[in-house]
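Undergrad: What follows is a single structure, and I will ask about it in a moment.
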Amino acid sequence: MRFISHGIALGIVTGLLTTSAYAAPYTLTIFHTNDLHGRTDHYPQLITTLAEARKRFGDGLLLDAGDIFSGTLYFTEHRGQDAVKFMNLMGYDAFVPGNHEFDLGDPEKGHKALAAFFAAADFPILGANLDFSTSEEFADQLGESISVEPQPGHLYDGIVVEHAGQRIGIFGLSTPSSNTVSSPGNVTISDYREAAEAMVAEFEAQGIDKIVALTHMGYDSDPSMGNDLLLAQHVEGVDVIIGGHSHTRLETPVMLIENDRGEPMAPAVIGQAGEYGQYLGVVQVTFDDNGNVLEANGELLATDEREPDADAAALLAPYTAKIEEVRDTLVGARVVSALPNPRHGNGDEQSVRADETALGNLIADGQLEAARRVEPKTVLAIQNSGGIREPIAQGDVSVGELVAVQPFGNRLALVRVTGAELLETFEIGLANAPIESGGFLQVSNGIELVYDSRQPVGKRVVSLKVTQDGTLQPVDPEHTYIIATNHFTAAGGDSHIALEAAYEDGRSTIVGNTDWEMLRDYMVSLGDVDYQVEGRIVDLAKQ
């Protein structure tokens, strides 16, 4: 079956897999997962599903397309060491880091948790456009460019594996957006197309004509950052792409047969398995004797339809007991009125990524309170909206709720900026308004921001006032202000290049606790928490 989507010719295979479909010369079977995001409790059912899939479809490669880190208390407590035990148990053949693997990057300590995750892995880590060589914590894990005998826990551009007597080349690609949405630090991320072309050339030079790209770039994500469709269209020689990042649920593999110019191309097959371990993906690709793709079949196997593996459930139990103990601990604060975290994608008219919210106000006020204990002259705090993940219900507040709100473990940073840089920072935060953006800034009390989303990007701030000497005063472009934010935003996260410039200039200092701990301490100081939208941020276009 063929159809045209966004001007791209696609071949889609439907129906269940059957043994007779794989009689032609050679069929490569791949089982795959992506974007688990700390859902360690899903592994017991994944293990059952994988065992069933291996019985049904035969031997195959097992690949994960990234973002094991961040999202739940499992990750907050165990930093990936729980997940890697289950990945080892399942027998993964390769893993590509996603953007969230870099969430715990620290300007001073680097990527200690990620290095420990790699060291514990019984599988190789792939990243042809990732350079770990200047981060000393990975020094003992660096491997050659392409390995035919990959070592567990080592870093490679690509590897060669054997499957049913055939040599398969596999290489990794990770999204360049990590530079703005995470904290890669000294890990550098290069152009994905150049890296892919180099990998194809190296594999073909070794006589390998069946090539798999294991990617964390998204199926059809931001074209400026690259995605799987663009990779397939632009890099000849990539036969199969197993992807992640966009959390796309491809019920059956997608086969591209035309490039971006509408011209015929050698078929390329793409698979992605949704999110959170809800599915195990199965892709089977049949090649002719020259390594050309003849056909592709596949499906997603729903893990919630399977019983948890008994041994894996027993292995999970102590990890769950630990996070339940932490999750259920009450912090000593009570929310009077529920604090929603609205998103347009959920059908809400307002969005935390485009509008002031009561929860955003609370978080920013907590940061300001913590900052002033260190530096009393701090005038304001800002919180990137992409770092606010869940609402808080009415009633007594638990640790688990707060970690769910701010799961990334970002630390408080104090930044010295000029008024001009502060104005530029808000212009950057408003660049996509009224469309959602993780870089939209929630603000602390004592700020009055008026803007007009109808105006050109870069000219949207109508007025910005901050409290000084007890009164609201317009920001002076020539004056220097001390502001507070999380270290991710301070280092340029979510495209905040004005803050990044201050960071690189040595005007940013990390202080204090992690984000959710600051929120906890501030809520405890209040006791009864009653927050509302106050008009701190006003869009004239909505008046």
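Undergrad: Pairs of Cα atoms under 8 Å, at least six residues apart: use those to get the relative contact order of the range 418-468, whole percent.
TA: On the way: 56 pairs, mean separation 18.3, N = 51.
Averaging sequence separation for qualifying contacts and normalising by length gives 36 percent for the range 418-468.
Undergrad: Using only the heavy atoms of the protein chains and a 1.4 Å probe, how would 471, 180, 357 rank by accessible area, largest first? It would help to have the intermediate numbers written out before the result.
TA: Details: 471 70, 180 40, 357 10 Å².
Reading off the accessible areas and sorting them downward yields 471, 180, 357.
Undergrad: Taking every DSSP beta bridge that has both residues in the range 119-204, what percent is antiparallel when rounded to the nearest 5?
TA: Values: 8 of 13 bridges.
Antiparallel bridges make up about 60 percent of those DSSP assigns within the range 119-204.
Undergrad: Oh, and also: Name the residue from 439, 240, 294 whose Cα lies farthest towards the positive end of the charge dipole of the chain, charges +1 on Cβ of Lys and Arg and -1 on Cβ of Asp and Glu.
TA: It is 439, whose Cα lies furthest towards the positive end.
Undergrad: Within the chain, how many lysine pairs that are 8 or more places apart, or on different chains, have C-alpha atoms less than 18 Å apart? Walk me through the numbers on the way to the answer.
TA: Values: 85/112; 85/322; 377/465; 459/542.
Close lysine pairs under the 18 Å cut-off: 4.
Undergrad: Going by Cα centres, the range 166-205 and the range 80-123 are how many Å apart?
TA: Here the answer is 17 Å between Cα centres.
Undergrad: With a 1.4 Å probe and all protein chains left in place, how much of the accessible area of the range 33-133 comes from carbon and sulfur atoms, in whole percent? Walk me through the intermediate numbers first.
TA: Details: 1280 of 2830 Å².
Of the solvent-accessible surface of the range 33-133, carbon and sulfur hold 45 percent.
Undergrad: Mind pulling the angle between the C-alpha long axis of helix 419-429 and the longest principal axis of the chain? Nearest 10 degrees, somewhere in 0 to 90.
TA: It works out to around 40 degrees.
Undergrad: For the range 410-474 and the range 375-393, write down the distance between their C-alpha centroids in whole Å.
TA: 13 Å
Undergrad: Next up: Using only DSSP helix segments of four residues or longer, with each worth -39500 (n - 2.57), what per-residue ellipticity at 222 nm results for the chain after dividing by its residue count and rounding to 500? Intermediate values should be presented prior to the final figure.
TA: Values: 14 runs with 142 residues, N = 543.
Helix-only estimate at 222 nm: -7500 deg cm²/dmol.
Undergrad: Name the residue from 319, 303, 280 whose Cα lies farthest towards the positive end of the charge dipole of the range 260-325, charges +1 on Cβ of Lys and Arg and -1 on Cβ of Asp and Glu.
TA: 319
Undergrad: Let me ask something else about it. Over the chain, give the accessible area per residue in Å² for a 1.4 Å probe, as an integer. Please list the in-between numbers first.
TA: Numbers: 21240 Å² over 543 residues.
Accessible area per residue: 39 Å².
Undergrad: Still on this structure, please answer the following. Using alpha-carbon positions, what is the distance between the centroids of the range 284-350 and the range 209-264, in Å?
TA: 23 Å
Undergrad: Report the GluC sites (Glu not before Pro) located in the range 317-355 that are in a DSSP loop and have at most 15 other Cβ atoms inside 10 Å of their Cβ, or state none.
TA: Values: sites: 324, 325, 349; in loops: 349.
Here the GluC sites (Glu not before Pro) that fit, given the DSSP loop and packing criteria, are 349.
Undergrad: To continue, here is another question. Just to be sure I understand: if I project the alpha-carbon convex hull of the chain onto a plane and average over all orientations, what area do I get in nm²? Write down the numbers at each step before the final one.
TA: On the way: hull surface 101.6 nm².
Reported value for the Cα convex hull: 25.4 nm².
Undergrad: With angles folded into 0 to 90 degrees, how steeply does helix 43-57 sit against the dominant principal axis of the chain? Use alpha carbons for both and round to 10.
TA: 20 degrees
Undergrad: Let me ask something additional. Please report, in debye to the nearest 20, how large the charge dipole of the chain is about its Cα centre when each Lys and Arg carries +1 at its beta carbon and each Asp and Glu carries -1 there. Working shown, then result.
TA: Values: 34 positive and 80 negative charges, 165 e Å.
Charge dipole, the chain, about its Cα centre: 800 debye, nearest 20.
Undergrad: Next up: Counting only DSSP beta bridges with both residues in the chain, tell me the antiparallel percent, nearest 5. Intermediate results must be reported in sequence, preceding the final value.
TA: On the way: 65 of 96 bridges.
In the chain, approximately 70 percent of DSSP beta bridges are antiparallel ones.
Undergrad: Relative contact order for the range 465-543 using alpha-carbon pairs under 8 Å, separation at least 6, rounded to a whole percent? All intermediate terms of the calculation are to be shown ahead of the outcome.
TA: Working: 30 pairs, mean separation 9.9, N = 79.
After rounding, I find 13 percent.
Undergrad: Shifting gears a bit: Stretched out fully, how many nm does the piece from residue 145 to residue 532 gain, at 0.36 nm a residue minus the Cα gap? Don't jump to the answer; show the numbers that get you there.
TA: Values: separation 387, 0.36 × 387 = 139.32 nm, distance 5.42 nm.
In short, 133.9 nm is gained.
Undergrad: While we're here: Out of the trypsin sites (Lys or Arg not before Pro) in the range 441-496, which ones are loop residues according to DSSP with at most 13 other C-beta atoms within 10 Å? If you can, show how the numbers build up before the last one.
TA: Values: sites: 454, 459, 460, 465; in loops: 454, 459, 460.
Those that pass, being in a loop and sparsely packed, are 454, 459.
The values are calculated or read from the model by the stated rules, or taken from the named source; none is laboratory data. Keep in mind that this is a model prediction, so the values were computed, not measured. Cβ sites come from the backbone with ideal geometry, for glycine too, and all protein chains shown count toward neighbours. Protein only, heavy atoms only, side chains kept; ligands, DNA and RNA dropped before computing areas. Shrake-Rupley method; radii C 1.70, N 1.55, O 1.52, S 1.80 Å.
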